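> If you scroll down you'll find the structure; I have some questions about it.
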Amino acid sequence: MMNLSLKKTLIRTSFLSMTCLFMLACQPKPAETKNEVEPTVNDSVIVEKETNYFPTIERFFVNEIGKQYAEAEYCVPFNKIVAVDERDSDNILVWGDFWVYNYNRSGDTLKTVSGGNHSGLLHIRQTDTGFEVIGFDQVADGSDNLKSAQQIFGDKYEAFHAIQSDEQTRERHRLEVLANYVEKHNLNISFVQDYGWPAKQILNE
């Protein structure tokens, strides 16, 4: 017959063994490890491809045409497209009434410093990341203006003339473009003033 002391020892040992097994069974499973691949520099730098040529047109008039005028704080081009021919991606043709103005800021007003009209035909090429201007046939000034405009616009001349001669619509478009520019760049500006003329409120519609 097993003595009482030995029996108690065996019961205690059995209880401890079961407790250890229970505790081991309740332990959380170790998290699965995955081989994470760190992104390379090339993976993290993504060049956003331009889907249309309007930003290219804007850059061209800011960087190539606007800089020919007296320097100012802001260069804001605007245009009215007359016609396009996109059949050749290496020579996209864009006829338009193009304008560019440079402004300085005075309080809540943009004051016109310089600028002017540069209507004509842009030649644009599509690239892997977007578009680039590869040529510009510009309407001549002075006595050659009409002749060169007719040559450049061809059968589109009447449409161009109707757009260019509508000063009221063009001015409204300029104010709308300025309103978008002010909002985009978070500028606290409400008016624009051309030299010798009263200030006009920028359209915020």
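> Taking the range 145-162, which residues are in contact (Cβ under 8 Å) with a residue 60 or more places away in the chain and within 13 Å of Gly120 (Cβ to Cβ)?
If the condition is that a residue be in contact (Cβ under 8 Å) with a residue 60 or more places away in the chain and within 13 Å of Gly120 (Cβ to Cβ), then Phe153, Lys156, Phe160 are the ones that fit.
> While we're looking at this one, here's another question. Of the residues that sit in the range 134-149 and are exposed (fewer than 14 other Cβ atoms within 10 Å of the Cβ) and over 21 Å from the mean Cα position of the chain (by Cα), which one is nearest to Tyr181 (Cα to Cα)?
It comes out as Gly135.
> Just the residues that are closer than 15 Å to Ile124 by Cβ, surrounded by fewer than 13 Cβ atoms within 10 Å (Cβ to Cβ) and among the small types (Gly, Ala, Ser), please, taken from the range 49-103.
Ser89
> Ok, one more. Give the residue that is farthest from Val76 (Cα to Cα), with candidates limited to residues of the range 168-205 that are more than 21 Å from the chain's Cα centre (by Cα) and of a type in the set (Phe, Trp, Tyr).
Once the filter is applied, the top-ranked residue is Trp197.
> Oh, and also: I'd like to check something: does the range 140-148 contain any residue that is part of a helix (DSSP H, G or I), closer than 20 Å to Phe61 by Cβ and out of contact with any Lys or Arg (no Cβ under 8 Å at 6 or more places or on another chain)?
Yes, there is a match, as at least one residue in the range 140-148 is part of a helix (DSSP H, G or I), closer than 20 Å to Phe61 by Cβ and out of contact with any Lys or Arg (no Cβ under 8 Å at 6 or more places or on another chain).
> Another question, then. For a quick check of your reading of the model, give me the residue pairs whose first member lies in the range 48-74 and is polar (S, T, N, Q), whose second is assigned to a loop (DSSP other than H, G, I, E, B), with beta-carbon atoms closer than 9 Å and at least 6 apart or on different chains.
From the range 48-74, the pairs are Thr51/Gly130; Asn52/Gly130; Thr56/Glu50; Thr56/Gly130.
> Residues in the range 125-133: is at least one out of contact with any Ser or Thr (no Cβ under 8 Å at 6 or more places or on another chain) and either surrounded by 15 or more Cβ atoms within 10 Å (Cβ to Cβ) or in a strand (DSSP E or B) (or both)?
Within the range 125-133, not a single residue is out of contact with any Ser or Thr (no Cβ under 8 Å at 6 or more places or on another chain) and either surrounded by 15 or more Cβ atoms within 10 Å (Cβ to Cβ) or in a strand (DSSP E or B) (or both).
> With (1) over 21 Å from Leu187 (Cα atoms); (2) aliphatic (A, V, I, L, M); (3) modelled with pLDDT of 95 or more as the list, and Ile46 as the residue in question, which single condition is left unmet?
Every listed condition holds for Ile46 apart from (3).
> With respect to His118, determine if the residue is within 26 Å of the chain's Cα centre (by Cα), at pLDDT 95 or above and crowded, with 16+ Cβ neighbours inside 10 Å.
The answer is yes for His118.
The values are calculated or read from the model by the stated rules, or taken from the named source; none is laboratory data. Small disclaimer: the values here were computed from a predicted structure and weren't measured. When we count neighbours, we look across all protein chains shown, and the Cβ atoms used for this are built from the backbone with ideal geometry, even at glycine.
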